[in-house]
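Heads up: the structure comes next, in structure tokens.
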Amino acid sequence: MRFIDQLDIAGKKLLLRVDFNVPLDGEIITDDNRIKAAVPTIRYAVEQGAAVIVMAHLGKPKGKRVEELSLKPVAKRLGEYLDMEVPLAPDCIGAEVEKMAEQLKSGQVLMLENLRFHAREQGKTSEARGDFGAQLAALADIYVNDAFGVAHRPNASVVDVPYAAKQCCVGFLLKLELENLGEALKDPQKPYIAISGGAKVSTKIGILNNLIGKVDHFIIGGAMANTFLLAQGKDVGKSLVEEGLVEQAREIIDKAAKSGTSLHLPEDFIWGRDIKTAAGVCDADNVPADGMLLDIGPVTIQKFCDVIGESKTIVWNGPMGLFEEPAFAEGSMKVCKAMAESDGITIVGGGDTDAVVHKAGLQDDFTFISTGGGSFLEFLEGKELPAFKALKENLDK
Ligand code: 3PG
């Protein structure tokens, strides 16, 4: 990879792809970590005397101009972090944008409007995307990718711009992601452990299949554990399950048994009849017929934390229970705390997991918090992400 500090960018125009897909409540940004994380690259570029054209997507406007998904509040917040004016262009391509880009001076920053207001950004084929990427690339001298969060999407701004751009490189945020996820996990210190939770097995099948056999321990919590209990022939009452995945869960249990990975499933739970109130603790063999399993129980917490405490590399995606509800947050919080106290390498990714870590106020006690959601999962699945393929093929020019 070629990084931004390996090119002479003084006096050049940069087209910087970032992932500013942040949660909004009206015009209020409720979590701006992704904006904060991209600031070092932009600040560096400005200090070096480059002019920076920032491009990003927000939400899923599906090719339509949706005012609520304008990047206006994002440009404002970015300006606050950079302590400078960051104007928002009325669009991301077209004559007016070209003029604004042309007039942009060294040390200035311009934000383009939501890329996804154009359906071509997300066209499924290169024909459908057409020359959208080339139009974006033409705005600048150098394309910089700093958008790990969208690295798994074959969108024009990610996969076509590198081919059309005169030069390409990687920003500091993407560099950090590559170092922490790539390098650390290529040759992990052992014991190496993966922790997976959240609602669905279906979104984690790829990770389970890729990591079982590579990790020493695989901990499963959250509602996805219910499907594994079903696969073991247990009754899970009214809990959330994916019936269609029971067979695959069984195969994963078998694969783990043969591969030397210890698979850890919850042995007890906090259960409830509704999602607000805890009704008590039950074990995996005695789940009340009218109950839902909503968090891991005290015995399981202790066991999971003991395994975490003995591990040297720990990767976590997905909460252990319905952590948004105080009655069912303890499992996720305790796992989070055990990781924060570990002196091993601790890596987390995914929006919900990131939310647990921030809710616990332990974000400074982790080795690395990825800005990726889907991209983090696909990276752990061992897939080559489309962004990296496009960059690798174009870094030499
Ligand atoms: C994300 O938030 O995971 C990325 O920005 C990708 O967004 P998407 O799932 O809407 O493509």
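Of the residues that make up the stretch 285-306, is at least one surrounded by fewer than 20 Cβ atoms within 10 Å (Cβ to Cβ), away from the ligand (no atom under 16 Å from the Cβ), of a type outside the set (Gly, Ala, Ser) and under 27 Å from Gly149 (Cβ atoms)? No - not one qualifying residue is present in the stretch 285-306.
Considering only the stretch 273-284, I want to know if a residue exists there that is among the hydroxyl-bearing types (Ser, Thr, Tyr), modelled with pLDDT of 95 or more and in a helix (DSSP H, G or I). Within the stretch 273-284 (the criterion being among the hydroxyl-bearing types (Ser, Thr, Tyr), modelled with pLDDT of 95 or more and in a helix (DSSP H, G or I)), the answer is no, since none of the residues qualifies. Checked against (1) away from the ligand (no atom under 16 Å from the Cβ); (2) crowded, with 24+ Cβ neighbours inside 10 Å, Ile345 passes all but a single condition, namely (2). Checking each residue in the stretch 26-85 for being hydroxyl-bearing (Ser, Thr, Tyr) and surrounded by 14 or more Cβ atoms within 10 Å (Cβ to Cβ) picks out Thr41, Tyr44, Ser70, Tyr81.
When the criteria are applied in full, Gln135 fails the requirement of being out of contact with any helix residue (DSSP H, G or I) (no Cβ under 9 Å at 6 or more places or on another chain) and away from the ligand (no atom under 16 Å from the Cβ). Residues that are out of contact with any His (no Cβ under 9 Å at 6 or more places or on another chain) and without any contact (Cβ under 8 Å) to a residue 60 or more places away in the chain do not occur anywhere in the stretch 386-395. Close Cβ contacts (under 6 Å, 6 or more residues apart or on different chains) running from residues in the stretch 143-159 that are over 17 Å from Leu395 (Cβ atoms) to residues that are surrounded by fewer than 24 Cβ atoms within 10 Å (Cβ to Cβ) and not basic (Lys, Arg) comprise His152/Gly374; His152/Glu378; His152/Leu385; Pro154/Pro386; Asn155/Gln122.
Scanning the stretch 13-48 for residues that are within 16 Å of the ligand (Cβ to nearest atom), in a helix (DSSP H, G or I) and in contact with a Leu (Cβ under 8 Å, 6 or more places away or on another chain) yields Ile35, Ala37, Ala38. For the stretch 359-397, filtered to residues that are among the charged types (D, E, K, R) and within 15 Å of Val315 (Cα to Cα), the residue that is surrounded by the fewest Cβ atoms within 10 Å (Cβ to Cβ) is Asp365. If you filter the stretch 49-63 down to residues that are under 23 Å from the mean Cα position of the chain (by Cα) and not in a loop (DSSP other than H, G, I, E, B), you find that the one that is nearest to the ligand (Cβ to nearest atom) is Met55. Being in contact (Cβ under 8 Å) with a residue 60 or more places away in the chain and surrounded by 23 or more Cβ atoms within 10 Å (Cβ to Cβ): is that true of Val356 here? When the stated conditions are applied, Val356 does not pass them. Could you list, in sequence order, all residues of the stretch 357-379 that are in a helix (DSSP H, G or I) and within 14 Å of the ligand (Cβ to nearest atom)? Gly374, Ser375, Phe376, Leu377, Glu378, Phe379, listed by residue number. Candidates in the stretch 140-159 are the residues that are more than 22 Å from Asp32 (Cα to Cα) and within 16 Å of the ligand (Cβ to nearest atom); of these, the one that is surrounded by the most Cβ atoms within 10 Å (Cβ to Cβ) is Ala156.
Within the set Asn317, Asn394, the sole residue that is at pLDDT 95 or above, within 16 Å of the ligand (Cβ to nearest atom) and either of a type in the set (S, T, N, Q) or not assigned by TED's automatic domain parsing to the domain that holds Val201 (or both) turns out to be Asn317.
Checked against (1) closer than 30 Å to Ile142 by Cα; (2) within 14 Å of the chain's Cα centre (by Cα); (3) surrounded by fewer than 22 Cβ atoms within 10 Å (Cβ to Cβ), Gly351 meets all criteria but (1). Taking the criterion of being in the same structural domain as Val22 (by TED's automatic domain parsing), crowded, with 17+ Cβ neighbours inside 10 Å, within 16 Å of the ligand (Cβ to nearest atom) and among the β-branched types (Val, Ile, Thr), would at least one residue in the stretch 102-125 satisfy it? The answer is no; no qualifying residue exists.
Take Val236 and tell me if it is in a loop (DSSP other than H, G, I, E, B) and in contact with a Ser or Thr (Cβ under 8 Å, 6 or more places away or on another chain). So Val236 fails the test. Put simply, of Lys99, Lys186 the only residue that is modelled with pLDDT of 95 or more, of a type in the set (Lys, Arg) and either more than 16 Å from the ligand (Cβ to nearest atom) or not assigned by TED's automatic domain parsing to the domain that holds Thr261 (or both) is Lys99.
The values are calculated or read from the model by the stated rules, or taken from the named source; none is laboratory data. Everything numeric here is computed off the predicted structure, so don't read it as measured data. Methodologically, a virtual Cβ is constructed for each residue, glycine included, from the backbone with ideal geometry; neighbour enumeration extends over all protein chains shown.
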